[in-house]
Amino acid sequence: MYFKIIKGELKMKRIKFLLVISILVLVLSTVSLGVMATSTWKIAHVCIAEADNSYHATCLKFKEIIEEKTNGRIKFEIYPQMQLGSDREILEGVQTGLIEVSASTLGPASAFGVGIVDLLELPFLYKNIEHLDAVLDGPIGEELLGSFEKVGFKALGFFDDGIANFTNSKRQLHSAKDFKGLQMRTMEAPIKIATMKALGGNPVPIAYAELYSALQTGVVDGQSNAHWVTVARSLWEVQKYVSCTQHCWGGAVLLVNFKKFNALSLEDQQIVIEAGKEACQYGRKMGRGAEDRHLQTCIEHGMIVDLNPDTESMREATEQVYEDIYNKHDDWKQVIVEIKKLASDF
């Protein structure tokens, strides 16, 4: 009887021992997997893969910061130059979760139900670059970024598509009267179209991919973009004149799939938010820093540049755009007034 009791106790101890070992192995395995597990995110944009391009620079910095601060738990693969589709196709991918992150032009992004952000691209809205950045990085910018959440995006920050200037094949666009009778390519965006009408030109909405051919064949006489676009598309081959009007900010926004963002730990969410802000500011800096070089490239290829156009006549002509906006979008007026009021600080 005694030996049977001892044997039974040994058996129970063995079972307990094996149970403890099993639990330890499971815990250690889970911890090990947690430490070693990595998540690879796709980040896409439509522009050239150059370090001073604002889109690519923003993506590179975002990748660098997050991979460092998460010790590689979140890694990135960057897909530039429309490898994953057009702006709209990339945005659809982010919205559905097939792509985690996009650096997207503001116009296509606003078409996903966040039209109010279009007001940031109104003509002659900003007094100077400092005023622009105060809007983008301050309470106004934060409020507008928050509007993306209702359509499936976590918006982390704004960066530059570029500060727009005009190019033309027929004549220099020195003042508002010079636009009369010209066919001018615009984005398929109401504010861009209204701006061109107010200046006296005939707006022709054409997709970016068709820009060069439209200029080459004479479907349009000119266009509006930052200097980097002129260089990237070799527009000096089909355009003769550059007018440095700096008439509007061309916007871009860094977006993350909202569900993917919410699935992160609170610590990682904060890392992503801070990385997004820093990356967007870095992208702006790099893109703007390259614009003088891009303008010089245009000059070297024979383009004739007007460095001091009569922007006051253009500003007066485009005041009508604001009146139309106030009539159509009463909810935009308060934001625009706040932006204009902020100009007094600069």
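Read-outs throughout are calculated quantities, based only on the coordinates presented, and are distinct from any laboratory measurement. Not measured: the values here are computed from a predicted model. No Cβ is skipped: glycine too gets one built from the backbone with ideal geometry, and neighbour counts run over all protein chains shown.
Observations on the structure shown:
- Residue list for the range 85-126, given a label point 7 angstrom along the Cα-to-Cβ vector of A49 and an amide N cut-off under 18 Å: 85-87, 90, 100-104
- Backbone amide hydrogens, once placed in the peptide plane, bring G162 within less than 5 Å of G250, excluding anything fewer than 5 places away on its chain.
- The residue among N225, L60, T186 whose Cα reaches farthest toward the positive pole of the charge dipole of the chain, with charges on the beta-carbon of Lys, Arg, Asp and Glu, is L60.
- Distance between the modelled labels on Q83 and Q172, one decimal in nanometres: 4.3 nm (7 Å Cα→Cβ projection).
- Simple Cβ-charge dipole of the range 155-259, Lys/Arg +1 and Asp/Glu -1, about Cα centre, in debye nearest 20: 260
- Dividing the summed helix terms, -39500 (n - 2.57) for each DSSP H run of n ≥ 4, by the number of residues in the chain produces a 222 nm estimate of -16000 deg cm²/dmol to the nearest 500.
- Degrees between helix 87-96 axis and first principal axis of the chain (Cα, 0 to 90, nearest 10): 30
- Backbone N under 12 Å from the I304 label point (7 Å along Cα→Cβ), restricted to the range 229-254: 240-243
- Prolate/oblate/rounded call for the range 213-281, Cα gyration tensor, a/c under 1.5 rounded: prolate
- Tilt relative to the chain, helix 330-342 - C-alpha long axis, 0 to 90 degrees, to 10: 80
- Farthest toward positive dipole pole in the chain [+1 Lys/Arg, -1 Asp/Glu at C-beta], among W41, V256, I78: W41
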